[in-house]
Amino acid sequence: MPIKKNNYGSYNVDISIGIDPITGKRRRLTRTVETKKEAEDLYYQLSQKYNRGKEIGTRNLSFKTVTEIYLEECKLHAKPNYYQNQCYLIQKHLKEQFKNSNLKKVTKDDIKDYQQKLINSGLRNKSINNIMITLKRVFETALEANVIHTNPCNGVKNLSLNKEQMKFWTPDQFKEFITLIDDKNEFLFKTYYTVAYLTGMRCGELLALNWNDIDSFQREINVYKSLTYIDKKVIITEPKTRNSIRRISINSKLLKLLNTWKEKQKNLFKKYSLEHSNNVHVFQYREKAPTKDIFSRRIKTICERGELTPIRQHDLRHSHVALLIHQREDYTTIKERLGHASIKTTIDVYGHLFPNKQKETADRLDDLF
């Protein structure tokens with residue numbers, strides 16, 4: 001019986017709420033109320049909530065099959081590193097959890113419960129949001145395949161993110177960093193970090209550079225590709241966005257530094273019996289282009305030689321912006337050098353680094369009287 005009076009004079013409501021659509025296990029729900037009328041009302045409400053008919057799709061596909069369809073689409077249309085990221089998230093967080101799920105019966109409440117489970121696991125909010133975005137796209141694939149009629153992830157809000165304080169080096173701090181580098185044995189690293197600091201280029205853009213991308217006459221770097229490693233293979237793609245395709249003007253001292261490294265690179269290649277040409281990657285020192293990890297790890301090693309607090313490799317891009325702001329460059333110039341899609345992006349990311357214009361405006365009002 002779904003309603004039963006207990007030994008204390010109150011009533012227990014026991015109702016089957018079917019099979020858990022995610023785990024595939026049977027679920028039951030028990031509640032205790034004071035009167036039989038309350039019990040009957042509660043039983044009706046729970047029955048309506050959990051057992052009412054739901055419109056479902058006409059196809060029956062497993063979660064595993066739907067993820068395979070989704071990943072095939074990713075492989076075909078997305079960049080290789082994004083595809084690899086999606087494979088990782090599904091394998092790490094979704095595959096085991098949803099392997100026995102009935103996609104037709106998964107509800108918004110089930111998705112919220114899963115989100116809460118991720119929260120309880122101690123993952124960062126940003127990581128949880130990335131997992132939930134991937135899950136939503138998998139269910140969107142199920143929707144397009146006519147397995148379900150609505151996406152249960154719709155309306156499940158992302159978790160709020162605490163904006164971390166942006167780290168960057170001032171010109172003096174970067175000068176200190178460069179002095180800690182051994183010119184004789186680490187000239188590659190000196191060149192790489194200086195180019196990163198004085199251009200604001202992303203890591204993948206730097207690694208993808210060939211010598212024929214550097215226009216010595218115009219003193220410009222042509223940025224139109226990005227390099228990454230997938231399964232130990234070098235993959236060259238377009239940069240992050242279309243607006244990332246750009247030409248960056250460089251100063252004469254930086255060009256001289258690059259040319260010095262080029263000569264050192266030629267000697268290095270000769271030592272290893274490697275052919276050198278303008279098609280060689282600028283920061284290559286062996287048969288293949290280096291990985292970003294080499295340059296990320298070396299920052300900490302170099303900083304340990306002095307008293308400088310290390311920053312991430314990507315923070316050199318932030319440091320370039322801080323340098324331009326220090327030189328009182330405008331938003332438009334910064335936008336063009338960074339390859340942002342719009343000035344709004346530049347302002348949203350770096351606006352807090354700009355000096356307070358309101359104070360300057362107020363001070364100029366003193367000149368009126």
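Would you kindly derive the ³J(HN,Hα) couplings of segment 165-176 from the backbone phi angles with the Karplus curve 6.51 cos²θ - 1.76 cosθ + 1.60 (θ = phi - 60°), listing them in order in whole Hz, with x for Gly and Pro?
Listing the rounded values in order: 5, 5, 9, 7, 9, 6, x, 5, 5, 5, 4, 4 Hz.
What percent do you get for the relative contact order of the chain when only Cα pairs under 8 Å and 6+ apart count?
On the way: 448 pairs, mean separation 50.9, N = 369.
Answer for the chain is 14 percent.
Not counting ligands, DNA or RNA, and with a 1.4 Å probe, what is M132's accessible surface area in Å² rounded to the nearest 10?
Rounded to the nearest 10, that gives 10 Å².
Please list, in order along segment 146-157, the HN-Hα scalar couplings obtained from phi with the Karplus expression 6.51 cos²θ - 1.76 cosθ + 1.60 (θ = phi - 60°), rounded to whole Hz, x for Gly and Pro.
Whole-Hz 3J(HN,Hα) from phi for segment 146-157: 6, 8, 10, 9, 9, 8, x, 7, 4, x, 7, 6.
Heads up, I need the accessible area for Y229: 1.4 angstrom probe, whole protein in place, Å², nearest 10.
Spelled out: Y229, probe radius 1.4 Å, area about 60 Å².
How high is the FRET efficiency from E68 to I343, r the C-beta distance, R0 35 Å, rounded to 0.05?
On the way: r = 42 Å, r/R0 = 1.19.
According to the calculation, E is roughly 0.25.
Find the accessible area per residue for segment 56-143; the probe is 1.4 Å, ligands and nucleic acids are left out, and the unit is Å².
Details: 5090 Å² over 88 residues.
That works out to 58 Å² for each residue.
Of T332, T309, T30, which is the most mobile in a GNM of the chain whose springs link Cα atoms less than 10 angstrom apart?
Comparing T332, T309, T30 in a Gaussian network model of the chain, the most mobile one is T30.
How much solvent-accessible surface does R202 expose, in Å² to the nearest 10, with a 1.4 Å probe and all protein chains in place?
Approximately 40 Å² of R202 is accessible to the 1.4 Å probe.
Explain nothing, just compute: Karplus ³J(HN,Hα) = 6.51 cos²θ - 1.76 cosθ + 1.60, θ = phi - 60°, for every residue of segment 254-265 in order, whole Hz, x for Gly and Pro.
Per residue, the Karplus-derived 3J(HN,Hα) values read 5, 4, 5, 4, 4, 5, 5, 5, 4, 5, 5, 5 Hz.
When ranked by the protection proxy of mean other Cβ atoms within 10 Å per residue, highest first, what sequence do the peptides 262-274, 147-159, 312-324 form?
Details: 262-274: 12.9, 147-159: 16.3, 312-324: 19.5.
By packing density, highest mean first, the sequence is 312-324, 147-159, 262-274.
Quick one: order I128, I119 from most to least accessible surface, probe 1.4 Å.
On the way: I128 0, I119 65 Å².
Ranked from most to least accessible, the order is I119, I128.
Select from T309, S10, N267 the residue farthest towards the positive end of the dipole of the chain; place +1 on Cβ of Lys and Arg, -1 on Cβ of Asp and Glu, and compute about the Cα centre.
Value: S10.
Where does the chain land at 222 nm, in deg cm²/dmol rounded to the nearest 500, when only DSSP H runs of n ≥ 4 count, each adding -39500 (n - 2.57), divided by all residues?
Numbers: 15 runs with 175 residues, N = 369.
It lands at -14500 deg cm²/dmol.
Would you please give the FRET efficiency between Y82 and T30, computed as 1/(1 + (r/R0)^6) with r the Cβ-Cβ distance and R0 = 51 Å, to the nearest 0.05?
On the way: r = 45 Å, r/R0 = 0.89.
The calculated FRET efficiency here is 0.65.
Could you give the accessible area per residue of segment 220-300, probe 1.4 Å, as a whole number in Å²?
Details: 5210 Å² over 81 residues.
Computed with neighbouring chains in place, this is 64 Å² per residue.
Please give the Cα centre distance for segment 288-319 versus segment 206-238, rounded to the nearest Å.
Here the two parts' Cα centres lie 20 Å apart.
Using a simple spin-label model with points 7 Å from Cα along the Cα→Cβ vector, what separation in nm is obtained for K264 and N279?
2.6
Among E220, E34, E176, which one shows the highest mean-square fluctuation when the chain is modelled as a Gaussian network with alpha-carbon springs under 10 Å?
In this elastic network of the chain, the residue with the biggest mean-square fluctuation among E220, E34, E176 is E34.
Roll a 1.4 angstrom probe over the protein heavy atoms and tell me the percent of accessible area of the chain that is carbon or sulfur. If you can, show how the numbers build up before the last one.
Numbers: 11000 of 22790 Å².
For the chain, the apolar C and S fraction of the accessible surface comes to 48 percent.
The values are calculated or read from the model by the stated rules, or taken from the named source; none is laboratory data. In this text, all values refer to a predicted model and were calculated from it rather than measured experimentally. As a convention, Cβ positions derive from the backbone with ideal geometry for all residues, glycine included, and neighbour counts pool all protein chains shown. Heads up: the accessible areas ignore ligands, DNA and RNA and are worked out on the full protein's heavy atoms, side chains in. Shrake-Rupley method; radii C 1.70, N 1.55, O 1.52, S 1.80 Å.
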